[in-house]
Amino acid sequence: MKRLQPHVLDPARCRKEWNEYSALLASKSVLSERRDILPFFKDRQNLSLLICSYFPRIKTPDLFAHEYQIDGDFVADLVVGDSSVQHYLLIEFENGAPDSIFKKRASKATPDWASRFEGAHSQLIDWLWKLEDKRSTGDFLNTFGSRQASFQGLIIVGKDMQLLPQEKARLKWRMNRTMIDSNAIACVSFNELSDDLDHWLKAFYNV
(Lines give C-alpha, C1' and ligand atoms only; values in the text may rest on other atoms or scores of the structure.)
Protein backbone atom coordinates (compact mmCIF):
# COMPACT_ATOMS: atom_id res chain seq x y z
CA MET A 1 0.00 0.00 0.00
CA LYS A 2 1.14 3.55 -0.71
CA ARG A 3 2.31 5.34 2.43
CA LEU A 4 0.51 8.40 3.77
CA GLN A 5 2.63 11.55 3.88
CA PRO A 6 3.14 13.52 7.11
CA HIS A 7 2.30 17.23 7.06
CA VAL A 8 1.71 19.94 9.66
CA LEU A 9 -1.10 22.30 8.69
CA ASP A 10 0.10 25.89 8.20
CA PRO A 11 -2.88 28.21 8.85
CA ALA A 12 -1.45 31.20 6.96
CA ARG A 13 -0.69 29.14 3.87
CA CYS A 14 -4.08 27.44 4.22
CA ARG A 15 -5.81 30.83 4.06
CA LYS A 16 -3.85 31.64 0.89
CA GLU A 17 -4.91 28.31 -0.59
CA TRP A 18 -8.54 29.03 0.35
CA ASN A 19 -8.33 32.38 -1.48
CA GLU A 20 -7.14 30.49 -4.55
CA TYR A 21 -10.00 28.02 -4.17
CA SER A 22 -12.53 30.84 -3.91
CA ALA A 23 -11.10 32.33 -7.11
CA LEU A 24 -11.38 28.95 -8.87
CA LEU A 25 -15.06 28.67 -7.92
CA ALA A 26 -15.74 32.16 -9.25
CA SER A 27 -13.85 31.57 -12.50
CA LYS A 28 -15.95 28.70 -13.90
CA SER A 29 -19.60 27.74 -13.95
CA VAL A 30 -18.70 24.03 -14.07
CA LEU A 31 -15.65 22.39 -12.51
CA SER A 32 -14.13 19.28 -14.08
CA GLU A 33 -12.95 16.61 -11.67
CA ARG A 34 -9.86 15.73 -13.74
CA ARG A 35 -8.93 19.12 -15.19
CA ASP A 36 -9.79 21.41 -12.27
CA ILE A 37 -10.41 19.74 -8.92
CA LEU A 38 -7.81 16.98 -8.64
CA PRO A 39 -4.83 19.08 -9.83
CA PHE A 40 -5.92 21.99 -7.63
CA PHE A 41 -6.04 20.07 -4.35
CA LYS A 42 -2.98 17.99 -5.19
CA ASP A 43 -0.93 21.20 -5.05
CA ARG A 44 -2.54 22.44 -1.81
CA GLN A 45 -1.71 20.18 1.10
CA ASN A 46 -2.96 22.49 3.85
CA LEU A 47 -6.43 22.94 2.39
CA SER A 48 -6.59 19.19 1.76
CA LEU A 49 -5.93 18.48 5.44
CA LEU A 50 -8.50 21.00 6.62
CA ILE A 51 -11.30 19.12 4.84
CA CYS A 52 -11.17 16.53 7.63
CA SER A 53 -12.84 19.05 9.97
CA TYR A 54 -16.20 17.64 8.86
CA PHE A 55 -15.44 14.76 11.22
CA PRO A 56 -14.56 15.91 14.76
CA ARG A 57 -12.97 12.57 15.68
CA ILE A 58 -10.02 13.79 13.58
CA LYS A 59 -8.58 16.34 16.00
CA THR A 60 -5.11 16.96 14.57
CA PRO A 61 -4.83 15.99 10.89
CA ASP A 62 -1.22 15.10 10.14
CA LEU A 63 -1.31 12.53 7.31
CA PHE A 64 -2.54 12.72 3.73
CA ALA A 65 -2.24 11.15 0.29
CA HIS A 66 -3.68 12.18 -3.05
CA GLU A 67 -4.75 9.48 -5.50
CA TYR A 68 -4.18 6.84 -2.85
CA GLN A 69 -4.15 3.33 -4.30
CA ILE A 70 -5.94 1.10 -1.83
CA ASP A 71 -5.57 -1.93 -4.06
CA GLY A 72 -5.50 -2.44 -7.82
CA ASP A 73 -8.20 -0.27 -9.41
CA PHE A 74 -9.42 1.04 -6.03
CA VAL A 75 -7.92 4.55 -5.85
CA ALA A 76 -9.17 7.19 -3.40
CA ASP A 77 -8.92 10.77 -4.64
CA LEU A 78 -7.73 11.93 -1.22
CA VAL A 79 -7.11 10.37 2.19
CA VAL A 80 -6.50 12.53 5.28
CA GLY A 81 -6.12 11.34 8.82
CA ASP A 82 -4.99 11.75 12.40
CA SER A 83 -2.21 9.34 13.33
CA SER A 84 -2.80 9.87 17.07
CA VAL A 85 -6.31 8.38 16.97
CA GLN A 86 -5.94 6.31 13.76
CA HIS A 87 -9.06 7.83 12.22
CA TYR A 88 -9.15 8.57 8.50
CA LEU A 89 -11.35 10.29 5.96
CA LEU A 90 -11.72 8.94 2.42
CA ILE A 91 -12.65 11.70 -0.02
CA GLU A 92 -14.18 11.26 -3.45
CA PHE A 93 -14.22 14.35 -5.68
CA GLU A 94 -16.72 14.54 -8.52
CA ASN A 95 -17.51 17.29 -10.99
CA GLY A 96 -18.94 20.61 -9.90
CA ALA A 97 -22.11 21.25 -11.89
CA PRO A 98 -25.72 22.23 -11.12
CA ASP A 99 -26.95 18.71 -11.99
CA SER A 100 -24.23 16.64 -10.29
CA ILE A 101 -26.58 15.15 -7.68
CA PHE A 102 -30.03 15.28 -9.28
CA LYS A 103 -30.95 14.99 -12.96
CA LYS A 104 -34.25 16.55 -13.94
CA ARG A 105 -36.38 14.71 -16.51
CA ALA A 106 -39.09 16.34 -18.61
CA SER A 107 -41.34 13.33 -18.04
CA LYS A 108 -40.97 13.27 -14.24
CA ALA A 109 -41.72 15.81 -11.54
CA THR A 110 -39.21 14.22 -9.18
CA PRO A 111 -35.60 14.27 -10.42
CA ASP A 112 -33.48 11.11 -10.53
CA TRP A 113 -30.21 10.65 -8.69
CA ALA A 114 -27.41 11.63 -11.06
CA SER A 115 -24.99 8.98 -12.30
CA ARG A 116 -21.99 10.98 -11.01
CA PHE A 117 -23.38 10.90 -7.48
CA GLU A 118 -24.37 7.23 -7.64
CA GLY A 119 -20.94 6.35 -9.01
CA ALA A 120 -19.18 8.25 -6.23
CA HIS A 121 -21.29 6.50 -3.59
CA SER A 122 -20.48 3.09 -5.07
CA GLN A 123 -16.77 3.89 -5.16
CA LEU A 124 -16.73 4.73 -1.45
CA ILE A 125 -18.48 1.44 -0.68
CA ASP A 126 -15.80 -0.42 -2.66
CA TRP A 127 -12.97 1.43 -0.87
CA LEU A 128 -14.39 0.59 2.54
CA TRP A 129 -14.88 -3.04 1.52
CA LYS A 130 -11.29 -3.36 0.26
CA LEU A 131 -9.85 -1.69 3.38
CA GLU A 132 -11.77 -4.15 5.54
CA ASP A 133 -10.47 -6.99 3.39
CA LYS A 134 -6.88 -5.81 4.01
CA ARG A 135 -7.27 -5.06 7.72
CA SER A 136 -5.37 -8.18 8.82
CA THR A 137 -2.33 -7.47 6.63
CA GLY A 138 0.98 -5.97 7.66
CA ASP A 139 0.57 -3.25 5.02
CA PHE A 140 -2.64 -2.07 6.67
CA LEU A 141 -0.97 -1.89 10.09
CA ASN A 142 2.08 -0.05 8.74
CA THR A 143 -0.05 2.45 6.83
CA PHE A 144 -2.81 3.24 9.34
CA GLY A 145 -1.04 2.54 12.63
CA SER A 146 -3.58 0.11 14.07
CA ARG A 147 -5.69 -2.83 12.96
CA GLN A 148 -8.59 -1.00 14.63
CA ALA A 149 -8.16 2.12 12.46
CA SER A 150 -11.53 3.65 11.56
CA PHE A 151 -12.77 5.33 8.40
CA GLN A 152 -15.43 7.69 7.16
CA GLY A 153 -16.32 8.78 3.64
CA LEU A 154 -17.00 12.17 2.08
CA ILE A 155 -18.35 12.92 -1.40
CA ILE A 156 -17.64 16.45 -2.68
CA VAL A 157 -19.82 17.08 -5.70
CA GLY A 158 -21.91 19.77 -7.39
CA LYS A 159 -21.76 23.54 -7.72
CA ASP A 160 -24.43 26.26 -7.78
CA MET A 161 -27.10 23.55 -7.55
CA GLN A 162 -29.91 25.58 -5.93
CA LEU A 163 -31.66 22.44 -4.74
CA LEU A 164 -35.35 22.62 -3.94
CA PRO A 165 -36.42 21.88 -0.34
CA GLN A 166 -37.61 18.39 -1.30
CA GLU A 167 -34.28 17.64 -2.98
CA LYS A 168 -32.34 18.85 0.06
CA ALA A 169 -34.52 16.66 2.27
CA ARG A 170 -33.94 13.60 0.05
CA LEU A 171 -30.18 14.10 0.10
CA LYS A 172 -30.06 14.72 3.85
CA TRP A 173 -32.22 11.68 4.59
CA ARG A 174 -30.05 9.44 2.41
CA MET A 175 -26.77 10.64 3.93
CA ASN A 176 -28.03 10.49 7.52
CA ARG A 177 -29.15 6.90 7.09
CA THR A 178 -26.30 5.56 4.99
CA MET A 179 -23.83 3.58 7.08
CA ILE A 180 -21.45 1.10 5.45
CA ASP A 181 -20.35 -1.43 8.07
CA SER A 182 -20.75 1.32 10.72
CA ASN A 183 -18.80 3.81 8.57
CA ALA A 184 -20.54 7.14 7.92
CA ILE A 185 -20.67 8.72 4.45
CA ALA A 186 -21.42 12.42 3.98
CA CYS A 187 -21.86 14.70 0.97
CA VAL A 188 -21.17 18.42 0.42
CA SER A 189 -21.08 20.69 -2.61
CA PHE A 190 -18.05 22.70 -3.67
CA ASN A 191 -19.86 25.87 -2.55
CA GLU A 192 -20.53 24.40 0.89
CA LEU A 193 -16.91 23.27 1.09
CA SER A 194 -15.73 26.82 0.48
CA ASP A 195 -18.00 28.26 3.17
CA ASP A 196 -17.03 25.60 5.69
CA LEU A 197 -13.28 25.88 5.08
CA ASP A 198 -13.54 29.65 5.50
CA HIS A 199 -15.44 29.22 8.78
CA TRP A 200 -12.92 26.72 10.18
CA LEU A 201 -9.97 28.95 9.33
CA LYS A 202 -11.61 31.81 11.21
CA ALA A 203 -12.89 29.76 14.14
CA PHE A 204 -9.96 27.39 14.70
CA TYR A 205 -6.96 29.41 13.52
CA ASN A 206 -8.09 33.04 13.57
CA VAL A 207 -6.96 33.67 9.99
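The values are calculated or read from the model by the stated rules, or taken from the named source; none is laboratory data. This structure is a prediction, so every number in the text was calculated from the model and none was measured. Counting neighbours? That spans all protein chains shown, and the Cβs are built from the backbone with ideal geometry, glycine included. Only protein heavy atoms, including side chains, enter the accessible area calculation; ligands, DNA and RNA are left aside. Shrake-Rupley method; radii C 1.70, N 1.55, O 1.52, S 1.80 Å.
At 20 angstrom or more along the helix axis (alpha-carbon based) and mean Kyte-Doolittle of 0.0 or higher, what helices does the chain contain? Whole DSSP H runs only.
Qualifying helices, which must be both long enough and hydrophobic enough, do not occur.
Compute, for segment 64-207, the length of the dipole vector about the Cα centre, with Cβ point charges of +1 (Lys, Arg) and -1 (Asp, Glu) only. Units Debye, rounded to 20.
The calculated dipole for segment 64-207 is roughly 620 debye.
Taking the Cβ-Cβ separation of ALA26 and ARG135 as r and a Förster radius of 35 Å, what is the calculated FRET efficiency to the nearest 0.05?
Approximately 0.25, to the nearest 0.05.
If segment 163-202 were replaced by its equivalent ellipsoid, with semi-axes equal to the square roots of 5 times the Cα gyration tensor eigenvalues, what would those be, largest first, whole Å?
22, 16, 6
Could you grab the Rg to Rh ratio for segment 48-178? Cα atoms only, Kirkwood for Rh.
Value, to two decimals: 1.03.
Give the calculated FRET efficiency between ARG35 and ARG105 to the nearest 0.05, with a Förster radius of 22 Å applied to their Cβ-Cβ distance.
That gives a FRET efficiency of 0.20.
Summarise the accessible area of the chain (1.4 Å probe, protein heavy atoms) by the percent that is carbon and sulfur.
Whole-percent figure for carbon plus sulfur exposure: 49.
Looking at this model, which pairs from LYS108/LYS168; LYS104/LYS172; LYS28/LYS103; LYS28/LYS130; LYS2/LYS168; LYS134/LYS172 are more than 25 angstrom apart at the alpha-carbon?
Exceeds cut-off: LYS28/LYS130; LYS2/LYS168; LYS134/LYS172.
Quick one: accessible area per residue over the chain, 1.4 Å probe, rounded to a whole number of Å²?
49 Å²
Could you go through segment 52-62 in sequence order and give the Karplus-derived ³J(HN,Hα) for each residue, using 6.51 cos²θ - 1.76 cosθ + 1.60 with θ = phi - 60°, rounded to whole Hz, and x for Gly and Pro?
Working through the residues one at a time gives 5, 5, 5, 10, x, 5, 8, 8, 10, x, 9 Hz.
If a paramagnetic tag sat 7 Å from the Cα of ASN19 along the Cα-Cβ line, which residues of segment 171-207 would have the backbone N under 14 Å from that point?
Under 14 Å, as judged by backbone N against the label point of ASN19, lie 207 of segment 171-207.
Quote the FRET efficiency, to the nearest 0.05, computed for ASP195 versus ILE125 with a Förster distance R0 of 25 Å and r equal to the Cβ-Cβ distance.
Once the sixth-power term is evaluated, E becomes 0.35.
Using a cut-off of under 17 Å, list every residue of segment 43-86 whose amide N is near the label point 7 Å from the Cα of ASN142 along the Cα-to-beta-carbon line.
69-72
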